[in-house]
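Asker: Have a look at this one before I ask anything.
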Amino acid sequence: MSYDAKMRFIGTQFYRHPNPPFEDWPRDLALIRESGLKVVRTWLYWLRTNPSDGQWDFSDYDRFVDAAEEHGLQAFIQLVPECAPQWFIHGNRDAQLVNVNNRQEIPRPVGMAMVGGYPALSPDVPIVRERIAEFITRTVERYHKRKHLIAVDVWNEMMPYYLFPTQTYHPATQEKYRRWLQDRYGDINALNDAFGGARYTSFDQLEAIPWGDYVDERHWHLFIRQWITDQLAWRVGLVKAVDPNLMTACHTPGGLKDVTLAPFDTWALADQIDIWGTSDYEDDYYKSAAYLCGMASAAGSKPWWLMEQAGGRVWGLYGHAVRSPEFVEQKMLTAFSYGAQANLCWQWRPERLGTESPNFGVTNEDGSANANTEVIARLATSVNDSAGMWRELTLDSPDVGLVIDWRVRSWEWVAFRDAGKVGEPEVLGYFKALTDLGASVELVNLERLAASQAPPAYRVLILPMCTQDVAGLQDVLMNYVEKGGVLIAGPYFLTYQADCFVSPAVPPQAMQELFGGWRDRLTYPPQGPAGFEPTHVTFLPQVTGVAINTEGRHVVEVYECDGARPIVQQGDDVAGTEHLFGQGRAIRMGTLLGMGYDRAKNTGLARWLDRVLTGAGCRRFPAATGPVVIREARSGQDRVLFVANTADESVSSWVTLDAIRRAENKITGQTFAIARDGQLRLKLKPRETMVLRLQV
């Protein structure tokens, strides 16, 4: 079929053996179609199609593809080679994955794969790689000519390699690691120097060291990132060898940590496929928004989908929550507000077997509709009925870049066995403050930034956590500021050189010229058992209009100024500076302000950033009172606002809309008149989102 990248739609996961029962398919698929959904997905297990050596049975999936076509739905196939056939596992025990504790991962049933065989075997063992290739090739050959097949997802959530540490310690993978090191260093003495004075005499003596030090783990993590990227590229290549025109997809797991903490490179993975995507099971609005923002950034100009989001009860034997209709709808609309093409619910029927049962369904256990089903149908129908508006929906290029550095997760994993102890909450705090201010922000991959130039659309570039240098970064930052950009760097900036050795000067000399000073010393508050205790600093009146006391975390860097002006103090010490450089400004912030940001209490970060954004001429979305966030898009000549209540209680909010006379909620059809003073009062339910089309 021809793929329409502008078409926006709602779909659902439908068949994952043994759910739902075959006899219920006609009724279920009819209801899906009547509800306005366009796409149904199946998990196509290697185990289910290859019951014995040399035997292939696709009858389950033939039935799925035929049934989808009969009901006027597009089919989306999820390939799952991670569930290997039991006969193959039994004959290849030496190919079982090996975890960080040097123990084999015994394939077994799990909640997401009750058929068993998970997490399969190491793809670095030749016979395993050969059989996975056969599974993918046979599947694509069987279905690629079906006109209603929209795409094939080649890797679900990068499983099982989505968390630190990974199950990648098999001897065959270790051998690849040795060859990777040899290609990287060439000479064993060069590697010994890089590893701090080791005395290896051959690359064959090296192995990944579980629970290693900074240098060991950084190399291993670099290798695993490339290894996962190569695995994805290999799978895509198998599909394209059969049909170059068949759309390939892939998606990451379900939370912000899967951008900030995972052992893979989200941006590099997105480069390999046609449709990028993600699951999203975050509870918190801001974490979800930051995650979706990251997915949009990684996708670039490619289409991206919200591949999974819970439609009902969630997690565990007794569950712990039921996602309200407003919550489910908000998740979908937030994804659309960041440019997503599609939303797929997880899943149509509640799970009926295993540790994910009886949860996650959009419907009741018997497949009948409930309030969540109805709100999804309402949204899907609205998207279909207003297809023109949604097709033409466009977002302006963000003018604030918020940089994330994957290496922080590696350092924190070694130091704390917690790959997100500081890096994730610090970045998230800045994201929350910027979102509350109505800034148009984009997550930025540090390595890609260093390898190119800061996009000219960025008026402000923020590096909350950048502990280690990377080749090219200093030149990029100096050039960015010199040409008029505003740069903000947090504490510990470039403490380490690119080779992991400590920098003899912090920051390095070129950065001292950029920031107009250097770090004199560090001070720490009294540390409780958990560490990372609050710090207290003050933004000076000449910066924020009035003195603002605010809370940071863990450390205060004290700066010496050589051309910079103080903007933050702690007592008599300078804890933040601003320096004019070329046509722009370079700002140092000496404490972790993001971790302490709280919209209702600790507002100092947002109040200061408000001044920075205004001074830099950054675009702002319309303002709203209370816990309400607004994002703006355009459709033709019209403005479209996504107005989201981030709170779990009902709120009334005033929205300021200049030169607008009327607004229509495109989901419900309700219209609002705008007061002469430009004020629009909205009442929103807990976690409700409105889509307002504005008329001048």
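The values are calculated or read from the model by the stated rules, or taken from the named source; none is laboratory data. Quick caveat, the model's predicted, so the values are computed rather than measured. Positions of Cβ are backbone-derived with ideal geometry, glycine not excepted, and every protein chain shown enters the neighbour counts. For accessibility, only protein heavy atoms count, side chains too; no ligands or nucleic acids. Shrake-Rupley method; radii C 1.70, N 1.55, O 1.52, S 1.80 Å.
Asker: Between rounded, prolate and oblate, where does the range 422-503 land on the alpha carbon gyration tensor, with a ≥ b ≥ c its root eigenvalues, rounded for a/c under 1.5, else prolate if a/b exceeds b/c?
Answerer: On the way: a/c = 2.16, a/b = 1.24, b/c = 1.74.
Verdict is oblate for the range 422-503.
Asker: Moving to a separate point now. So if each residue of separation counts as 0.36 nm, and I subtract the Cα-Cα distance between Asp418 and Arg63, what length gain in nm does that give?
Answerer: Value of the extension gain: 123.3 nm.
Asker: While we're looking at this one, here's another question. What is the spin-label model distance, in nm, from Trp56 to Lys240 if the labels are put 7 Å beyond Cα along the C-beta direction?
Answerer: Between Trp56 and Lys240, the simple spin-label model gives 2.2 nm.
Asker: While we're here: Suppose only helical runs count, i.e. DSSP H with n ≥ 4. What mean residue ellipticity at 222 nm does that imply for the chain under -39500 (n - 2.57) per run, divided by all residues and rounded to the nearest 500 deg cm²/dmol? Present the calculation step by step, with values, prior to reporting the outcome.
Answerer: Working: 21 runs with 224 residues, N = 696.
Mean residue ellipticity, 222 nm, calculated: -9500 deg cm²/dmol.
Asker: Between Gln583 and Thr603, with labels modelled 7 Å along Cα→Cβ, what's the label distance in nm to one decimal, could you check?
Answerer: Placing both labels 7 Å along Cα→Cβ, they lie 3.5 nm apart.
Asker: May I ask you to give the percent of accessible area on the chain that is carbon plus sulfur, with a probe radius of 1.4 Å?
Answerer: 49
Asker: Are there any chymotrypsin sites (Phe, Trp or Tyr not before Pro) in the range 174-216 that are in a DSSP loop and have at most 16 other Cβ atoms within 10 Å? List them by number.
Answerer: Tyr200, Trp211
Asker: Which distance in Å, rounded to a whole number, links the C-alpha centroids of the range 584-620 and the range 464-480?
Answerer: What the calculation gives is 20 Å, centre to centre.
Asker: Ignoring ligands, DNA and RNA, what accessible area per residue does the chain give at 1.4 Å, in Å²?
Answerer: I get 37 Å² per residue for the chain.
Asker: Here's a follow-up. Distance from the Cα centre of the range 630-650 to that of the range 494-556, in angstrom?
Answerer: Centre-to-centre (Cα) distance: 36 Å.
Asker: Can you tell me the FRET efficiency between Glu134 and Gln226 if r is taken as the Cβ-Cβ distance and R0 is 22 Å, rounded to the nearest 0.05?
Answerer: Calculated transfer efficiency: 0.30.
Asker: Would the range 578-629 count as rounded, prolate or oblate if I go by the C-alpha gyration tensor, calling it rounded below 1.5 in a/c and otherwise prolate when a/b exceeds b/c, oblate otherwise?
Answerer: oblate
Asker: Please report the spacing between the Cα centers of the range 295-312 and the range 60-86 in Å, no decimals.
Answerer: 21
Asker: Going by average Cβ neighbours within 10 Å, how do the peptides 468-476, 623-631, 488-496 rank, with the highest at the top?
Answerer: Details: 468-476: 17.6, 623-631: 19.3, 488-496: 22.4.
With the highest mean Cβ count within 10 Å placed first, the list reads 488-496, 623-631, 468-476.
Asker: Students often get this wrong, so check it: of Lys331/Lys666; Lys331/Lys601; Lys432/Lys601; Lys147/Lys666, which have C-alpha atoms separated by over 20 Å?
Answerer: Details: Lys331/Lys666 16 Å; Lys331/Lys601 26 Å; Lys432/Lys601 13 Å; Lys147/Lys666 32 Å.
Correct reply: Lys331/Lys601; Lys147/Lys666.
Asker: Hey, another quick one. Express in nm, to one decimal, how much length is gained between Arg391 and Asn189 on full extension, taking 0.36 nm for each residue of separation and deducting their alpha carbon distance.
Answerer: 66.9 nm
Asker: Just for the chain, what percent of DSSP beta bridges are antiparallel, to the closest 5?
Answerer: Within the chain, antiparallel bridges account for around 55 percent of the total.
Asker: As an exercise, use a Förster radius of 56 Å and the Cβ-Cβ distance of Asn384 and Arg565 to find the FRET efficiency, rounded to the nearest 0.05.
Answerer: It comes to 0.50.
Asker: With r defined as the distance between the Cβ atoms of Ala198 and Arg448 and R0 fixed at 30 Å, what FRET efficiency is calculated, to the nearest 0.05?
Answerer: 0.45
Asker: Roughly speaking, what is the stretch gain from Lys147 to Leu540, that is 0.36 nm per residue apart minus the C-alpha to C-alpha distance, in nm to one decimal? The partial results should precede the final answer.
Answerer: Numbers: separation 393, 0.36 × 393 = 141.48 nm, distance 6.44 nm.
Value of the extension gain: 135.0 nm.
Asker: Separation between the Asp520 and Lys302 pseudo-spin-labels, each 7 Å from Cα along Cα→Cβ, expressed in nm?
Answerer: In this crude spin-label approximation the distance works out to 5.0 nm.
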